[in-house]
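Presented below is the structure to which this report refers.
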Amino acid sequence: MQRRELQPSDFLSTGSTLLNLACTGKVHGGFAKGSYFFVVGDSVSGKTFLTLTCLAEASINKHFDDYRFIHDDVEGGALMDIERFFGKGVAERMESPAMEGDLPINSETIEDFYFHLDDAFEEGKPFIYVLDSMDALSSDYEGKKFKEKKKAARSGKQAKGDYGDGKAKINSGWIRKARSALEKTGSILVVISQTRDKVGAGLFESSKTRSGGRSLRFYATLELWSSVKGRLNKSVRGNKRQVGIVSKVEVRKNRETGRERTVEIPIYHSYGIDDVGSCIDYLVGEKHWTAKSGVIKAEEFEFEGRRNKLIRMIEQEGLQKDLRELVGEVWSEIETACELKRKGRYS
């Protein structure tokens with residue numbers, strides 16, 4: 001079945017202009033309604049920040065006013081001040097997949113996750129569901145194997161062979177059904193997964209892998225992989241202090257454009273994603289703006305000075321939209337220049 005033609009109102013921003021462009025080629029949208037997105041990344045590479053920023057963007061987008069914000073915090077890793085980093089709207093609307101009295105209930109097993117997801121579909125209200133993370137989920141099969149091994153070990157016997165945790169098999173059947181329901185309801189599912197070192201990887205193979213089976217990639221509209229490109233440092237009292245990271249995000253599968261792209265996103269511990277800073281760095285890096293001895297010449301803004309001063313000027317004068325549009329124009333120019341200028345084979 002062919003997907004209906006999507007409108008601008010169907011797209012949710014990731015909170016990063018560059019990531020939006022890498023995902024869809026659109027300045028203001030990276031994730032489309034009715035789709036499932038798979039985010040894989042190294043530890044402390046910004047996976048949780050990236051996904052929760054999507055909720056922040058939804059909270060200020062009128063086209064998502066009737067959406068539930070479901071955060072299935074399996075890891076218990078989202079301990080930052082939600083209101084400070086993502087706004088009051090997210091703090092008030094973000095909910096766990098279930099409640100037991102006043103106690104929030106998050107998934108513990110892969111079965112729990114799909115049951116909670118089905119509960120959300122049955123409620124009939126569109127939603128954005130973030131699972132953080134697939135790796136932290138156990139399974140009924142895994143629990144059964146543990147009990148079997150425990151009993152065998154204490155009786156001096158050997159348990160039967162173990163063939164994994166069962167999650168790959170469950171994902172294979174259930175993620176397909178969930179994807180169909182997402183499209184019907186216009187909901188969005190984001191599944192986070194942690195990278196693992198790939199033992200015995202060949203010379204030309206990736207050294208990283210992840211759990212959960214092939215279906216997680218197969219049914220994803222986008223598959224994103226994040227890693228730490230570098231640290232952001234600041235000198236305080238004569239000593240260098242780490243204040244954030246530069247997250248490298250690779251789009252490794254893309255049903256929207258078919259293009260694999262890589263972007264770099266600065267994330268500060270005290271601020272979150274620095275979209276303005278990343279846009280400036282992109283324009284300088286692509287030589288649209290010149291920078292000599294730390295002085296940037298931004299002709300469109302009639303500005304010449306250092307990066308921090310340019311950021312302040314853009315934020316104080318409310319020029320963020322103009323900056324994003326400019327980045328989109330440069331991105332499109334580069335994409336067009338990369339195309340083969342040949343007659344279509346079937347035209």
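The values are calculated or read from the model by the stated rules, or taken from the named source; none is laboratory data. Treat the numbers as computed from the prediction; the structure is a model and nothing was measured. Neighbour counts run over all protein chains shown; Cβ positions are idealised from the backbone, glycine included.
Against the test of being surrounded by fewer than 19 Cβ atoms within 10 Å (Cβ to Cβ), more than 30 Å from Arg214 (Cβ to Cβ), in contact with a strand residue (DSSP E or B) (Cβ under 6 Å, 6 or more places away or on another chain) and touching a residue at least 12 places away in the same chain (Cβ under 8 Å), the options His269, His288 yield a single qualifying residue, His269. Selection of region 236-268 for residues being within 13 Å of the chain's Cα centre (by Cα) and among the small types (Gly, Ala, Ser) yields only Ser247. Summed over region 302-347, the residues that are of a type outside the set (S, T, N, Q) and in a loop (DSSP other than H, G, I, E, B) give a count of 12. For region 258-276, a tally of residues being touching a helix residue (DSSP H, G or I) at 6+ places or on another chain (Cβ under 6 Å) and not in a loop (DSSP other than H, G, I, E, B) returns 8. Within the option set Ser133, Ser107, Ser96, being modelled with pLDDT under 95 and either closer than 26 Å to Asp42 by Cβ or in contact with a strand residue (DSSP E or B) (Cβ under 8 Å, 6 or more places away or on another chain) (or both) holds for one residue only, Ser133. Cβ-Cβ distances below 9 Å connect the following pairs, each with a first residue in region 52-69 that is under 16 Å from Glu92 (Cβ atoms), a second residue that is buried (at least 21 other Cβ atoms within 10 Å of the Cβ) and among the acidic types (Asp, Glu), and a separation of six or more residues or different chains: Leu52/Asp132; Phe64/Glu57. Among the residues of region 216-253, the ones that are among the aliphatic types (A, V, I, L, M), closer than 30 Å to Arg179 by Cβ and part of a strand (DSSP E or B) come to 4 in all.
When residues of region 184-213 are filtered for being part of a loop (DSSP other than H, G, I, E, B) and either under 16 Å from Val44 (Cα atoms) or at pLDDT below 95 (or both), how many remain? Summing the residues that are part of a loop (DSSP other than H, G, I, E, B) and either under 16 Å from Val44 (Cα atoms) or at pLDDT below 95 (or both) in region 184-213 gives 15.
Listed by first and then second residue, the pairs with beta-carbon distance under 6 Å, at least 6 apart or on different chains, first residue in region 94-117 and more than 14 Å from Ile70 (Cα to Cα), second of a type in the set (Val, Ile, Thr), are Ile110/Ile170. Here is the figure for region 48-74: residues that are crowded, with 17+ Cβ neighbours inside 10 Å and either under 17 Å from the mean Cα position of the chain (by Cα) or among the β-branched types (Val, Ile, Thr) (or both) total 18.
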